Amino acid sequence: MVASNLDNNDGSIVSEFTHPAAKNWINAHAQTCNIPLVEVERLWSRFTGLSNDAATDGVLTKTALAQSHVIKDGLIRKILNHFPKNESESITFQTYCNASKWFETANVEDKLRALFKTLNNGEPIDRRALTRILSLFDSDESEETISLNVKIFMAELDTRNQGFVDEDQFIHWIKGMPYSTVQSLLQFDIIPRQVQDPQPQREGETPKSSQSNKRPIAITSDIMDKVATKASARDWRILANRLGFTSEDVTALAQRYPRKDHEQVYAMLQQWMNREKVHANVRALELALKESDMEDIAAEITQN
């Protein structure tokens with residue numbers, strides 16, 4: 001799945017000068033993969049939990065992967081099978097770290113295309129392949145139910161009556177879903193929430209659980225104009241990606257409003273709000289702005 005995005009690196013660099021028993025094992029991976037030390041510790045705990053031998057050798061062998069009782073999710077197993085392997089057909093911990101980082105930093109469209117390639121090795125998905133995929137992910141479902149789901153899926157996606165669904169059709173279908181749904185499908189947290197926000201609660205501060213229960217604040221036209229004005233002066237394509245728009249969507253906006261960046265961003269925000277409805281609120285926009293290195297704009301729209 002992510003092999004092509006890891007420059008075909010089999011993850012053997014770190015293992016050439018250190019070993020799981022060495023004191024610098026975790027620190028070496030943190031420096032080589034450019035990942036926070038605390039996150040590498042968490043990834044190592046997860047990695048060693050996949051196989052009893054992983055902690056000893058620092059690799060997940062092909063046999064261990066096949067026999068692992070921990071990996072019950074069919075999609076996760078397929079993803080791991082697509083990881084780059086070393087000469088012994090094993091997944092090194094370095095590869096696992098790099099892949100985890102890729103899942104965190106890759107944009108939505110790259111993740112969707114990678115997901116498509118994982119489902120059927122990059123080949124178009126026909127009825128037989130889809131039946132196999134659904135059987136793998138929904139092993140408890142009856143053959144009748146799976147057959148019905150295949151029929152519904154193909155009728156909705158195979159708009160050209162080709163007898164199969166290609167990559168572009170798959171991407172177009174997913175893009176039609178609410179952005180929150182897409183994010184939940186592709187979520188792969190490399191940094192735990194407590195690491196992302198490590199500051200302890202101060203005395204007298206309102207607990208976050210109480211803050212999260214507040215009613216979402218709606219986005220006004222003034223907020224949209226403010227964001228469009230400031231974001232249009234920067235590389236707002238990153239923001240577009242965080243809001244679920246692909247490069248094709250951005251190109252379409254540019255063609256619709258040539259040389260009018262403010263109008264392009266404003267129209268993008270309007271489309272996002274129409275698509276996400278109640279989920280398109282100030283909090284969601286604030287997070288997207290922060291993830292786009294526009295913290296100053298995020299701060300402005302949350303000021304009272």
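The values are calculated or read from the model by the stated rules, or taken from the named source; none is laboratory data. Just so you know, these numbers come straight off a predicted model, no measurement behind them. Quick reminder, even Gly has a Cβ in these numbers, built from the backbone with ideal geometry, and neighbours come from all protein chains shown. With ligands, DNA and RNA removed, areas are computed over all heavy atoms of the protein, side chains included. Shrake-Rupley method; radii C 1.70, N 1.55, O 1.52, S 1.80 Å.
Cross-link pairs exceeding 20 Å in C-alpha to C-alpha distance, out of LYS101/LYS230; LYS78/LYS117; LYS175/LYS277; LYS101/LYS175, comprise LYS101/LYS230; LYS101/LYS175. Put simply, the Cα atoms of the range 225-304 extend 35, 26, 19 Å along their principal axes, the longest span coming first.
Give the ranking of TYR96, TYR257 by solvent-accessible surface, highest area first, calculated with a 1.4 Å probe.
Largest accessible area first, the residues go TYR257, TYR96.
Each other residue within a Cβ distance under 11 Å of LEU130 adds +1 if Lys or Arg and -1 if Asp or Glu, for a net charge of +2. Each residue of the range 109-167 gets 80 Å³ once the volume of the Cα convex hull is shared out per residue.
Taking only protein heavy atoms and a 1.4 Å probe, the accessible area of the range 208-304 is 49% carbon and sulfur.
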